[in-house]
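Heads up, the thing below is written out as structure tokens.
The values are calculated or read from the model by the stated rules, or taken from the named source; none is laboratory data. This structure is a prediction, so every number in the text was calculated from the model and none was measured. Note that we place each Cβ from the backbone using ideal geometry, even for glycine, and neighbour counts take in every protein chain shown. Note: accessible area is taken over every heavy atom of the protein model, side chains too, but ligands, DNA and RNA are not part of it. Shrake-Rupley method; radii C 1.70, N 1.55, O 1.52, S 1.80 Å.
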Protein chains: 2
Amino acid sequence: MPVTAPANTASRRELNKVATRRAIADAALALLRSKGAGNFTVEDIAAEAGVSRRTFFNYFTGVDAALASLADRFLDNVLEQFRLRPADEPVLESARAALMELADPMTAAPIAELFSLTNSSQGLGRCELEAWEHCTEQIIAAARERLGEAADELHLRAMAGSIIACGKAAMGVWFEERGADLSPESLAVFRQHLVTAVGLLASGFNAPATA
Amino acid sequence: MPVTAPANTASRRELNKVATRRAIADAALALLRSKGAGNFTVEDIAAEAGVSRRTFFNYFTGVDAALASLADRFLDNVLEQFRLRPADEPVLESARAALMELADPMTAAPIAELFSLTNSSQGLGRCELEAWEHCTEQIIAAARERLGEAADELHLRAMAGSIIACGKAAMGVWFEERGADLSPESLAVFRQHLVTAVGLLASGFNAPATA
DNA sequence: TGCAAAAATGCACTTAGTGTAAATATGTGC
DNA sequence: GCACATATTTACACTAAGTGCATTTTTGCA
């Protein structure tokens, strides 16, 4: 009868739920790969994951949410890097370092694939917008934690939003230039874009916007 | 037989389509007000607008898109202000001036109402995310137009995204502080937040984020 | 092993969204 | 004003999304 909060040692039930959630998300990705965006149904995902259609909806509100969870899984790497930075470092410098994680092959590959697969259908997929938004909120939370309760909410939000905007911009430009090319040279370009974008942000976009 | 592009003098057909589109969007807003988010169907909107359900889908992909078009209608005011700024002005200064339009009662009232109505259900409504995204794309286009083809795409995107992030942040903070209070004092606060946020952006977020 | 809680499932139902063909409205030449 | 071509709306049918509820299966624990 634990009146205290559930222990951080995950119970078997917790583990199973996480595993099921992952299985569903992975099934969605598999179908995205094999059939292309919009060419499979929730029922297909459920079958692929070995659960019932109803169970799918117990875990996700829809296909988009399932795919967004995949993006979240990797964008969370960025957040983790941010948290690992020394607390007395300027936030923008931490952000720059954390965004480098985007250009890590292990992170970039799934994100790039996911975005290229979902972008094929429309301008910018809903699931991406939500994934970036989710990441923004987490950066705000992490920055607030670092700066203490006295942190100015407006400052936090504007800064976090701008940082993510730089990440989005760098990824978007890289994407248009190189497709989903994940070669070391291509990733170096991506990394350079991230550095440039954050550098522009840190300088207040003072330089003229012409090459 | 006009092989040339359709004349800018709108034909009757064009006008009717615009009117129908508006009627549908307005009907959606009316239902959002009277029944609350999520408590009405596409069929309800179509009936309210006096068209068939199928016609609704000829104009919008869903309820979200219809509501987003309302947001777009007012966010376009921001873009218009941006375009009216002198071409030799620094882009950030133009952006600051344009964002002031958000705090104009005629613009703020519908936006604030729309966001408060849609926010009631979830963190940040899909339609809002899409509306901001749409606005960002337009700012990019306007800035590119101003700066010429030599404009650096990364610079443009990162800057436009950051500007919009500041607008989002100012509106979000104002919202949490004042609800949908549209009194002159409240709007003055909102305006101040916009100025502050863009000021932070222009300074590269150098000041510490504590009050 | 047996029992209570949690999770998964099956089923029924409403609504979203789309293809198609028929009906209606609009623009144009005469 | 009339007739014809084209654009738009509509009705209908269909697949799939999403949800509520009762039931079954699984899991944790004594």
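If A:E89 meets every condition in (1) away from DNA strand D (no atom under 16 Å from the Cβ); (2) free of Cβ contacts under 8 Å to residues at least 24 places away in the same chain; (3) away from chain B (no Cβ under 14 Å) apart from one, which number is that one?
Evaluating A:E89 over (1) away from DNA strand D (no atom under 16 Å from the Cβ); (2) free of Cβ contacts under 8 Å to residues at least 24 places away in the same chain; (3) away from chain B (no Cβ under 14 Å) leaves (3) as the failure.
Among the listed residues B:A71, B:A30, B:A66, identify the single one that is touching a Phe, Trp or Tyr at 6+ places or on another chain (Cβ under 7 Å) and away from DNA strand D (no atom under 13 Å from the Cβ). Step through it out loud before you land on a result.
Numbers: B:A71 fails: touching a Phe, Trp or Tyr at 6+ places or on another chain (Cβ under 7 Å); B:A30 fails: touching a Phe, Trp or Tyr at 6+ places or on another chain (Cβ under 7 Å).
When all the criteria are applied, what remains is B:A66.
So is B:G179 over 14 Å from the mean Cα position of the chain (by Cα), surrounded by fewer than 18 Cβ atoms within 10 Å (Cβ to Cβ), more than 8 Å from chain A (Cβ to nearest Cβ) and not hydrophobic (A, V, I, L, M, F, W, C) or not? Steps first, please.
Working: over 14 Å from the mean Cα position of the chain (by Cα): yes; surrounded by fewer than 18 Cβ atoms within 10 Å (Cβ to Cβ): yes; more than 8 Å from chain A (Cβ to nearest Cβ): yes; not hydrophobic (A, V, I, L, M, F, W, C): yes.
So B:G179 passes the test.
Return the pair list, or none, for Cβ contacts closer than 7 Å from residues in the range A:129-141 that are at pLDDT 90 or above to residues that are open to solvent by less than 20 Å² (accessible area, probe 1.4 Å) and of a type in the set (F, W, Y), at least 6 apart or on different chains.
A:I139/A:F82
How many of the residues making up the range B:144-163 are more than 7 Å from chain A (Cβ to nearest Cβ) and open to solvent by less than 10 Å² (accessible area, probe 1.4 Å)?
2
For every residue, the table says whether it meets (1) among the charged types (D, E, K, R); (2) within 30 Å of A:R146 (Cα to Cα).
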| position | (1), (2) |
| --- | --- |
| A:A23 | no, no |
| A:A27 | no, no |
| A:R33 | yes, no |
| A:F60 | no, no |
| A:A65 | no, yes |
| A:R73 | yes, yes |
| A:E89 | yes, yes |
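Can you work out which of the residues in the range B:28-62 that are touching a residue at least 12 places away in the same chain (Cβ under 8 Å) and within 14 Å of chain A (Cβ to nearest Cβ) is nearest to DNA strand C (Cβ to nearest atom)?
Ranking the qualifying residues of the range B:28-62, first place goes to B:G62.
Within the group B:S69, B:S34, which residue is under 17 Å from the mean Cα position of the chain (by Cα) and of a type outside the set (K, R)? Steps first, please.
Working: B:S34 fails: under 17 Å from the mean Cα position of the chain (by Cα).
So the residue among B:S69, B:S34 that is under 17 Å from the mean Cα position of the chain (by Cα) and of a type outside the set (K, R) is B:S69.
Looking only at the range A:119-128, count how many residues are modelled with pLDDT of 80 or more and open to solvent by 10 Å² or more (accessible area, probe 1.4 Å).
0
So A:A202 passes all but one of these: (1) more than 30 Å from B:A65 (Cβ to Cβ); (2) without any contact (Cβ under 8 Å) to a residue 24 or more places away in the chain. Which condition number does it fail?
Unmet condition: (2).
For the structure I just gave you, tell me whether B:S186 is at the interface with chain A (Cβ under 8 Å from one of its Cβ atoms) and polar (S, T, N, Q).
no
What tally of residues in the range B:164-176 results from selecting those that are more than 30 Å from A:Q192 (Cβ to Cβ), under 17 Å from the mean Cα position of the chain (by Cα) and more than 7 Å from chain A (Cβ to nearest Cβ)?
Qualifying residue count for the region: 3.
On the given criteria, is A:S183 assigned by TED's automatic domain parsing to the domain that holds A:E130 and in contact with a helix residue (DSSP H, G or I) (Cβ under 8 Å, 6 or more places away or on another chain)?
no
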